[in-house]
Every structure is written in structure tokens, then in C-alpha cells.
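Undergrad: This structure is in C-alpha cells; I'll ask about it shortly.
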């Protein structure tokens, strides 16, 4: 059961910055309450990280709560928010590296010479 609810939405760190509404929303820190292993805790992340984390969980066929629990279980830092940011970063770095590798393989010349007719 997914137990995540919006607690409050903070203002961007620099309210004088001239950002359009979409950018301001993406950079605003959103604090949400989550239940992990039966313990209620709060996590503060920029909206872009919440959106990306939800997308990753959806693609894996699991709930956001389950994804957060997995990150919590494997984290190497005391801060869950930092662990989530690193997880999202590492996920997209791996996807980018994979896409680059696939692209390089598709562009690589054929290393096996073409078979020529013996006629």
C-alpha cells in the first residue's frame, strides 16, 4: 500500500530568480511524508526528482513506496533524500551509458568482411 502524501511545498531557494512557472515548480523542494518499514519519515526532494522517481518505479512495475523502501534498504548514506537523489542520478547515468554503447555498436563498421561470391 502506497503511503505518500504531500506535506508542504517550499518556495524556490532564490525567489528573485526570473524563472518561468514550470522551472520554478521543478526546482521547488517538495516535502512528502513516507512510510518505510512501518516508520513514518519525511523526504524533501525537488519536484523533478519526485517525478523521475515515480517514473522509474512505474517502469519497474512497483509502487513509489516500494521503490523508496528498496533505496532505503540499500543506501550508504544517513540521509534518505540524498540516497534517493543519487539513485535517480545513477539510474539515468546507466541509461545514458547504455544508449551510448548501443549507438556506438550501431555505427561501428562491420568487422567481419562480407562473403564474396566464389564465381
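Undergrad: Using every pair of alpha-carbon atoms in segment 20-108, split the distances into 5 Å bins beginning at 0 and state the percent of pairs per bin, rounded to integers.
TA: Histogramming segment 20-108 at 5 Å steps yields 3, 13, 20, 23, 16, 11, 7, 5, 2, 1, 0 percent.
Undergrad: If R0 is 25 Å, what FRET efficiency do you get for residue 69 and residue 99 from their C-beta distance, rounded to 0.05?
TA: 0.30
Undergrad: Express the C-alpha Rg of segment 21-71 as a ratio against the empirical globular expectation 2.2 N^0.38 Å, rounded to two decimals.
TA: Details: Rg = 11.7 Å, N = 51, 2.2 N^0.38 = 9.8 Å.
Computed over Cα atoms of segment 21-71, the ratio equals 1.20.
Undergrad: For residue 76 and residue 24, what does the FRET efficiency come to when R0 = 41 Å and r is the distance between their Cβ atoms, rounded to the nearest 0.05? Could the numbers behind the result be given before it?
TA: On the way: r = 32 Å, r/R0 = 0.78.
With a Förster radius of 41 Å, E is 0.80.
Where a number appears in this text, it was derived from the coordinates with a stated rule and is not lab data. A quick note: this is a predicted structure, and the numbers were derived from the prediction, not measured. As a convention, Cβ positions derive from the backbone with ideal geometry for all residues, glycine included, and neighbour counts pool all protein chains shown.
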